[in-house]
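Participant: Dropping the structure in here first, questions after.
The values are calculated or read from the model by the stated rules, or taken from the named source; none is laboratory data. All values derive from a computational prediction rather than experimental measurement. Cβ sites come from the backbone with ideal geometry, for glycine too, and all protein chains shown count toward neighbours.
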Amino acid sequence: MKIEENYSLLNHNTFGIDVKARYFVEYHSVAELVELLQMDMVKQHPLLAIGSGSNLLFTKNFDGVVIHSKICCYETIRETDKHIYVRVGSGVVWDDFCATVAERGLGGTENLSYIPGEVGASAVQNIGAYGVEVADIISHVETVEIATGKTRLFDVSECEYGYRTSIFKTTLKNQYVVTAVEFRLDKIPQFKLDYGNLSESVASINPLTVKAVRDAVIAIRKSKLPEPSKLGNAGSFFKNPLIAESHFNQLRRQYTTMPFYRADGGLVKIPAAWLIEQCGWKGKTFGGAGVYEKQPLVLINKNNATAGDICLLADAICKSVSNKFGITIEPEVNYI
Ligand code: EPU
């Protein structure tokens, strides 16, 4: 393992913020990770495990140890009549995994195609798109406990998955590092096409294949979302807020076209993109930061933005949504 010091994280966060980590190390196996966790350098400094940094906003230099998985295994581990279970290393690029299983005709990941990031972070963040969340196809998550270096296997039922959240972001935050994820894939794909215009996009394709749905999802994402390699961003900056039915009824009287989705517990989900657009932020810039003109839920690094520019813009957006609608929107992106 190579220990880098005073290391630029520019290529490790999709916002393209040039901050430094005091130490940066990549590990290639569970054994290397365990060895790393035992080093004094790790025990004496704050530790941050990152994937490809596609959901992070570094607000300052990180005075600690940043670690990054290069565990890149991919293996089929068991098979039943309906399913194939694959075990995938946390360092595998998420969309490379989606492409591999789509080539095999296995169902489950197609709606999640082209999401930036890596497999380990997908299981922490519970990535989701087009009506599917990764929790729907996870069976187990393999981890190492930071304090002890012991391995622990989490069944999906123990991961407390919810909308863009898991136990690894809440009660067990910064306590475990994900080393591999076991996915349950469908031999006979069960397509979920009821989100937005996905069914329209594939309507003329017969017979429908995993690859065709994947291609349609990629085309939709490319038309709506900026490529991080061309324009720094971290996908949706905010989560879609959930509000009480009474609050919703009151707002709906005033804003008759307000889009909404019914959610569990009598709550109503409102697209944050709509709220932000109504507040006049779409396409606006602030210092080097901006609000993407095709999808205002995405904040962009338009012109050498500093983290400060992005934070100020995000705060200003939250305030105006709160003032206009009485709704608190929360960042989906993790501030470091
Ligand atoms: N909308 C507007 N103006 C716009 C764009 C959208 O008002 O310019 C409204 C429309 O009513 C639209 C609604 O927002 O119907 C929803 O838009 P979209 O389908 O683009 O989805 P989203 O709710 O904005 C979520 C995820 C995305 C995911 C898409 C598709 C969150 C925080 N974001 O966005 O995930 O790709 O659905 O499933 O849940 C990410 O997490 O980084 C991400 C990109």
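Participant: Can you name the number of the only condition in (1) part of a loop (DSSP other than H, G, I, E, B); (2) under 24 Å from Arg221 (Cβ atoms) that Trp274 fails?
Facilitator: All conditions pass for Trp274, except number (1).
Participant: Got at least one residue in the stretch 102-119 being more than 10 Å from the ligand (Cβ to nearest atom) and in contact with a Pro (Cβ under 6 Å, 6 or more places away or on another chain)?
Facilitator: Looking through the stretch 102-119, at least one residue is more than 10 Å from the ligand (Cβ to nearest atom) and in contact with a Pro (Cβ under 6 Å, 6 or more places away or on another chain).
Participant: Could you check the stretch 104-154 and list, in sequence order, the residues that are more than 26 Å from Lys230 (Cβ to Cβ), touching a Lys or Arg at 6+ places or on another chain (Cβ under 9 Å) and of a type in the set (Gly, Ala, Ser)?
Facilitator: Answer for the stretch 104-154, where residues must be more than 26 Å from Lys230 (Cβ to Cβ), touching a Lys or Arg at 6+ places or on another chain (Cβ under 9 Å) and of a type in the set (Gly, Ala, Ser): Gly105, Gly107, Gly108, Gly131, Ser139.
Participant: Which numbered condition trips up Asp81, out of (1) in contact with a helix residue (DSSP H, G or I) (Cβ under 9 Å, 6 or more places away or on another chain); (2) assigned to a loop (DSSP other than H, G, I, E, B); (3) surrounded by fewer than 23 Cβ atoms within 10 Å (Cβ to Cβ); (4) not basic (Lys, Arg)?
Facilitator: (1)
Participant: Now for a different question. Kindly indicate whether any position in the stretch 236-252 is in the same structural domain as Cys311 (by TED's automatic domain parsing), touching a residue at least 40 places away in the same chain (Cβ under 8 Å) and among the hydroxyl-bearing types (Ser, Thr, Tyr).
Facilitator: Yes, that holds for at least one residue.
Participant: Still on this structure, I have one more. Being more than 22 Å from Ile188 (Cβ to Cβ) and touching a helix residue (DSSP H, G or I) at 6+ places or on another chain (Cβ under 8 Å) is the filter; apply it to the stretch 94-120 and report the residue that is surrounded by the most Cβ atoms within 10 Å (Cβ to Cβ).
Facilitator: Per the stated criteria, the residue is Glu118.
Participant: Given the conditions (1) assigned to a helix (DSSP H, G or I); (2) in contact with a helix residue (DSSP H, G or I) (Cβ under 9 Å, 6 or more places away or on another chain); (3) not aliphatic (A, V, I, L, M), which single one is not true for Glu35?
Facilitator: (2)
Participant: If you don't mind, there's one more thing I want to ask. Being within 11 Å of the ligand (Cβ to nearest atom) and either outside the structural domain of Thr257 (by TED's automatic domain parsing) or aliphatic (A, V, I, L, M) (or both) is the filter here; which residues of the stretch 269-289 pass it?
Facilitator: The answer is Ile270, Ala272, Ala273, Leu275, Ile276.
Participant: Taking into account only those residues within the stretch 289-327 that are surrounded by fewer than 18 Cβ atoms within 10 Å (Cβ to Cβ) and among the small types (Gly, Ala, Ser), which is farthest from Leu231 (Cα to Cα)?
Facilitator: Gly326
Participant: Can you name every one of the strands (runs of 3 or more DSSP E) wholly within the stretch 162-270 that holds 2 or more residues which are surrounded by 14 or more Cβ atoms within 10 Å (Cβ to Cβ) and small (Gly, Ala, Ser)?
Facilitator: 232-236
Participant: Continuing with the same structure: Within the stretch 195-224, which residues are more than 14 Å from Leu112 (Cα to Cα), touching a residue at least 24 places away in the same chain (Cβ under 8 Å) and within 13 Å of the ligand (Cβ to nearest atom)?
Facilitator: Gly196, Ser223, Lys224
Participant: Looking only at residues that are closer than 30 Å to Phe248 by Cβ, assigned to a loop (DSSP other than H, G, I, E, B) and among the hydrophobic types (A, V, I, L, M, F, W, C) in the stretch 284-331, which one is nearest to the chain's Cα centre (by Cα)?
Facilitator: Going through the qualifying residues, I end up with Leu297.
Participant: Kindly indicate whether any position in the stretch 107-128 is over 26 Å from Ala307 (Cα atoms) and charged (D, E, K, R).
Facilitator: yes
Participant: Right, something else. Of all residues in the stretch 175-220, how many are more than 20 Å from Ala135 (Cβ to Cβ) and not hydroxyl-bearing (Ser, Thr, Tyr)?
Facilitator: 18
Participant: Regarding Val86, is this residue away from the ligand (no atom under 16 Å from the Cβ) and either of a type in the set (S, T, N, Q) or at pLDDT 95 or above (or both)?
Facilitator: So Val86 passes the test.
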